[in-house]
Each structure stands twice: as C-alpha cells, then as structure tokens.
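**Q** Following this message is one structure expressed as structure tokens.
What follows is calculated from the coordinates using simple rules that are stated; it is not laboratory data. In this text the structure is predicted, and so the values were computed from the model without any measurement. Please note: Cβ atoms are built from the backbone with ideal geometry, for glycine as well, and neighbour counts cover all protein chains shown.
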Amino acid sequence: MNTAPPLVLLVEDDSDTAALYQALLHAEGMEVIRCGNCQQAMAWWRASERRPDLMVLDMRLPDGNGLELCQEITEQYDSLFLPPIMVLSAHGDPRLPSRCRQAGAQAFLDKLDNLDHFISTAWRLIREAPAGRTGLQ
C-alpha cells in the first residue's frame with residue numbers, strides 16, 4: 001500500500017495563483033510540484049519516476065495552453081498510467097468544458113469558482129482514478 005501523500009502536478013504561470021492553489025493543496029496533505037509552463041511540465045513528466053495522482057493545468061500558459069499539454073501527455077503516454085487531469089481557466093468560454101473532455105481532461109473549473117469546489121473536485125478525481133493510474137509507475 002502506498003502511504004505517500006497524493007502528488008499533484010500544478011502547471012500555473014501566475015505566481016500568486018500558484019501560491020494560492022499550492023497552499024490549499026498542502027493544507028489538504030497533498031504534495032505539490034509546480035511548473036510555470038508546458039515545457040517545464042513535460043521536462044518534469046519525462047524525468048520523474050513517480051507519476052502524479054492529479055494534474056492541474058492552467059488554460060493559458062506562456063508557451064501553450066492546458067488543452068495542448070493535456071493532449072500531448074494523453075497522446076504520448078499509455079492511458080493506463082495517466083492521472084486524472086483538471087483544467088482551470090479564468091476565461092468564460094462556454095465551449096471549454098467540452099473541449100477539455102475531448103482533450104482527455106476529467107474536469108474543468110473556472111478559476112473564479114469557489115475554492116472549496118476546487119478542493120472537493122481534486123479529492124474526487126484522486127479517489128475515482130482507476131487503480132494503477134497514479135503513484136509510482
């Protein structure tokens with residue numbers, strides 16, 4: 001049995017927003033790895049032996065967007081080992097939830113939504129992930 005705290009890969013370029021989400025996740029007992037752009041996230045993904053239990057991706061990043069990153073990861077890696085993915089955006093495009101699902105994400109949240117909803121969604125995604133999709137590979 002893996003007793004390590006859940007590992008979250010947070011890809012967020014805004015340092016204030018990242019600090020807020022990191023603090024929330026840490027308060028819930030989660031370990032957080034933060035990357036500020038797509039390139040950093042992919043470099044971490046390739047180098048890490050441990051897969052995250054959850055990925056939280058910002059929609060707009062300096063070198064791409066959360067959908068592109070989601071698609072790149074889901075296309076390049078065996079879906080058996082992919083963690084659940086949550087995409088966040090402060091931009092209210094009503095097509096985003098559908099586009100996120102098509103890209104392979106399990107959840108889309110508006111950054112302006114309440115923070116309790118963010119935490120409850122994070123825990124739900126971690127708990128509902130099929131066995132073998134998270135943790136050490």
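**Q** Could you list, in sequence order, the residues of region 111-127 that are farther than 15 Å from Leu20 by Cα and charged (D, E, K, R)?
**A** Once the filter is applied, which keeps residues that are farther than 15 Å from Leu20 by Cα and charged (D, E, K, R), region 111-127 yields Arg124, Arg127.
**Q** Restricting to region 7-42, give me the number of residues that are assigned to a loop (DSSP other than H, G, I, E, B) and within 12 Å of the chain's Cα centre (by Cα).
**A** Of the residues in that region, 1 qualify.
**Q** All but one of (1) within 15 Å of Asn65 (Cα to Cα); (2) aliphatic (A, V, I, L, M); (3) surrounded by fewer than 19 Cβ atoms within 10 Å (Cβ to Cβ) hold for Leu112; which doesn't?
**A** (1)
**Q** So Asp53 passes all but one of these: (1) in contact (Cβ under 8 Å) with a residue 12 or more places away in the chain; (2) surrounded by fewer than 15 Cβ atoms within 10 Å (Cβ to Cβ); (3) among the acidic types (Asp, Glu). Which condition number does it fail?
**A** Among (1) in contact (Cβ under 8 Å) with a residue 12 or more places away in the chain; (2) surrounded by fewer than 15 Cβ atoms within 10 Å (Cβ to Cβ); (3) among the acidic types (Asp, Glu), the lone unmet condition for Asp53 is (2).
**Q** To continue, here is another question. On the basis of being within 20 Å of Leu112 (Cβ to Cβ), surrounded by 20 or more Cβ atoms within 10 Å (Cβ to Cβ) and of a type in the set (D, E, K, R), does Asp58 make the cut?
**A** Judged against the criteria, Asp58 is a match.
**Q** Does region 1-19 hold any residues that are out of contact with any helix residue (DSSP H, G or I) (no Cβ under 8 Å at 6 or more places or on another chain) and not polar (S, T, N, Q), and which are they?
**A** If the condition is that a residue be out of contact with any helix residue (DSSP H, G or I) (no Cβ under 8 Å at 6 or more places or on another chain) and not polar (S, T, N, Q), then Met1, Ala4, Pro5, Leu7, Asp13, Asp14, Asp16, Ala18, Ala19 are the ones that fit.
**Q** Looking at region 118-125, is at least one residue touching a residue at least 12 places away in the same chain (Cβ under 8 Å), farther than 22 Å from Asp13 by Cα and surrounded by 20 or more Cβ atoms within 10 Å (Cβ to Cβ)?
**A** Looking through region 118-125, at least one residue is touching a residue at least 12 places away in the same chain (Cβ under 8 Å), farther than 22 Å from Asp13 by Cα and surrounded by 20 or more Cβ atoms within 10 Å (Cβ to Cβ).
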